[in-house]
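**Student:** My questions all concern the structure below.
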């Protein structure tokens, strides 16, 4: 042994220490990531079953809604079109048998409004499920997919779940939000933040919030789906699925909701959580509810990570896949019904 080797740990000990350091540097982050993105249940695989008669009719109604709401830009910069969209949504909710509550406030020099309808529970005291979608578009985009598809989905969920009023196991609130898009995104005038803050101040208990966001574009082409790094290593490369996404703080709600969807759905699905600084994780109205301390997630086709017409004038009604949108909406309706009617079968 040379003098320079005196006091050094044996080679095997040094190798063990190096291995431990590598495990900490690589294994701990990888384990944390896998913990965040893991969801229970199995996604639907294989060919999609043929649409049944009800789903075919649903696809037709969804297309009518999207074409009526989102054939022109509609936001505070286009106030007449925004009002036409709000009035159409309100008429449809009333036509489905609901009493619509308006939450009006001033933004951009005009009066704007959120629209809420409620499905009462059979017994009081249970935390509420909130299902929402924004109905404004970005800039000069017609907003057919972002977010005419989500607003249309909410109209049809309201229609299909109306019979639960007064006998649901949980109270359900269905809400259409204004001002999700810039310049109001993540500001005090964002419609969902106005709503979430009022809900928190009212003391109403909330089991969770589901945001319906950009739901109508799907592709079977390999390489059509993209992700913020490093998620691409863990998810499919084809954009043929619906995604359930939330912050890490909402992990339990994301896992329960994804599992519930997969238990009834005949459509591919993926799910997971990530820190809010990761691109896309907070890009919808679920952000407002997370900020208010409520579990929340968005259901989405992943928007700019798949949809080539995101926030562009080409986001028009002809870009939406109404047949696959109908499958997703039908399965979401069944999922919500099983939450409200434990043991409910597909209808």
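**Student:** I'm trying to understand the selection: among the residues of the range 52-75, which are more than 30 Å from residue 253 (Cβ to Cβ), in contact (Cβ under 8 Å) with a residue 40 or more places away in the chain and surrounded by fewer than 19 Cβ atoms within 10 Å (Cβ to Cβ)?
**Tutor:** 56, 60, 67, 71, 72
**Student:** Tell me whether the range 185-206 contains one or more residues that are under 20 Å from the mean Cα position of the chain (by Cα), in a strand (DSSP E or B), more than 14 Å from residue 290 (Cα to Cα) and modelled with pLDDT of 95 or more. Lay out the reasoning, then the answer.
**Tutor:** Within the range 185-206, the subset under 20 Å from the mean Cα position of the chain (by Cα) is 185-187, 190-197, 199, 206.
With the extra rule that they be in a strand (DSSP E or B), the set shrinks to 206.
Next, only the ones that are more than 14 Å from residue 290 (Cα to Cα) stay: none.
No, the conditions are met nowhere in the range 185-206.
**Student:** Take residue 284 and decide whether it is in a loop (DSSP other than H, G, I, E, B) and in contact (Cβ under 8 Å) with a residue 12 or more places away in the chain.
**Tutor:** yes
**Student:** Let me ask another. Counting residues that are modelled with pLDDT of 95 or more, which helices (runs of 4 or more DSSP H) fully inside the range 1-78 reach at least 2?
**Tutor:** Output list reads 53-69.
**Student:** Test of understanding: among 334, 273, which residue is touching a residue at least 12 places away in the same chain (Cβ under 8 Å), more than 15 Å from residue 215 (Cβ to Cβ), in contact with a helix residue (DSSP H, G or I) (Cβ under 6 Å, 6 or more places away or on another chain) and not in a helix (DSSP H, G or I)? Walk me through it before giving the result.
**Tutor:** Details: 334 fails: not in a helix (DSSP H, G or I).
Within the list 334, 273, the selection yields 273.
**Student:** Please state which one of 212, 193 is surrounded by fewer than 24 Cβ atoms within 10 Å (Cβ to Cβ), touching a residue at least 12 places away in the same chain (Cβ under 8 Å), in contact with a helix residue (DSSP H, G or I) (Cβ under 7 Å, 6 or more places away or on another chain) and under 27 Å from residue 108 (Cβ atoms).
**Tutor:** Working: 212 fails: surrounded by fewer than 24 Cβ atoms within 10 Å (Cβ to Cβ).
Of 212, 193, the one residue that is surrounded by fewer than 24 Cβ atoms within 10 Å (Cβ to Cβ), touching a residue at least 12 places away in the same chain (Cβ under 8 Å), in contact with a helix residue (DSSP H, G or I) (Cβ under 7 Å, 6 or more places away or on another chain) and under 27 Å from residue 108 (Cβ atoms) is 193.
**Student:** When you look at residue 266, is it more than 18 Å from residue 150 (Cβ to Cβ) and not in a loop (DSSP other than H, G, I, E, B), yes or no? Reasoning before the result, please.
**Tutor:** Working: more than 18 Å from residue 150 (Cβ to Cβ): yes; not in a loop (DSSP other than H, G, I, E, B): no.
Criteria not met by residue 266.
**Student:** Oh, and also: Sort through 297, 325 and tell me the only one that's touching a helix residue (DSSP H, G or I) at 6+ places or on another chain (Cβ under 7 Å), assigned to a helix (DSSP H, G or I) and within 20 Å of residue 217 (Cβ to Cβ). If you could, list the steps in order and put the result at the bottom.
**Tutor:** Details: 297 fails: assigned to a helix (DSSP H, G or I).
Answer to the selection: 325.
**Student:** Shifting gears a bit: Within the range 91-145, which strands (runs of 3 or more DSSP E) (wholly inside it) include 2 or more residues that are within 22 Å of residue 257 (Cβ to Cβ) and in contact with a strand residue (DSSP E or B) (Cβ under 7 Å, 6 or more places away or on another chain)?
**Tutor:** 110-119, 128-134
The values are calculated or read from the model by the stated rules, or taken from the named source; none is laboratory data. As the structure is a computational prediction, the values presented were derived from the model and not from experiment. Neighbour counts run over all protein chains shown; Cβ positions are idealised from the backbone, glycine included.
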